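S.K.: Before anything else, here's the structure in question.
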Amino acid sequence: MGSFGKQLCLVTLVEKELLFEYVFAMGVLDTTIRWQLNQQDNGTLLQLNHSGFNMNSSFGQQAFIGMEKGWPQILSQIEAVIFYNK
């Protein structure tokens, strides 16, 4: 998490080679991040869902805005990581 440091997480669901879900920043943000692979005719679609932001708090709102900007940066680098690790 860069300048935010390491964040405590709890894995809540795993389906081998299909799905990985965890509670992110336990005790601080308590959101859920879900990575899911779905077969497509011409390959595989990676779906990311980051949910559970408390929009009734200023911290939750700030985190949502920050993640909205941060995820595109992370996802733009994922292809290089996937092909590097093949």
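The values are calculated or read from the model by the stated rules, or taken from the named source; none is laboratory data. The shown structure was predicted, so the numbers you read here are calculated from the model rather than taken from an experiment. Cβ atoms come from the backbone with ideal geometry, glycine included; neighbour counts cover every protein chain shown. Surface areas here come from the heavy atoms of the whole protein model, side chains and all, with no ligands, DNA or RNA. Shrake-Rupley method; radii C 1.70, N 1.55, O 1.52, S 1.80 Å.
S.K.: Share of the chain's accessible area from carbon and sulfur, percent, 1.4 Å? Intermediate values should be presented prior to the final figure.
M.R.: On the way: 3760 of 6730 Å².
Its accessible area is 56 percent carbon and sulfur atoms.
S.K.: Report, in degrees rounded to the nearest 10, the 0 to 90 angle that the Cα long axis of helix 58-84 makes with the longest principal axis of the chain.
M.R.: 20 degrees
S.K.: Once ligands and nucleic acids are excluded and a 1.4 Å probe is used, how much of residue 14 is accessible, expressed in Å² to the nearest 10?
M.R.: For residue 14, solvent-accessible area is about 90 Å².
S.K.: Residues in region 56-86 near a label at residue 7, defined as backbone nitrogen under 15 Å from the 7 Å Cα→Cβ point?
M.R.: In region 56-86, the label zone of residue 7 (backbone N under 15 Å from the point 7 Å along Cα→Cβ) covers 59-75.
S.K.: At most 11 other Cβ atoms within 10 Å and a DSSP loop assignment: could you name the trypsin sites (Lys or Arg not before Pro) in region 1-82 that fit?
M.R.: Passing both the DSSP loop test and the Cβ count: 6, 16.
S.K.: Here is a further query. Would you mind working out the accessible area per residue for the chain, using a 1.4 Å probe, and quoting it in Å²? Please list the in-between numbers first.
M.R.: Details: 6730 Å² over 86 residues.
That works out to 78 Å² per residue.
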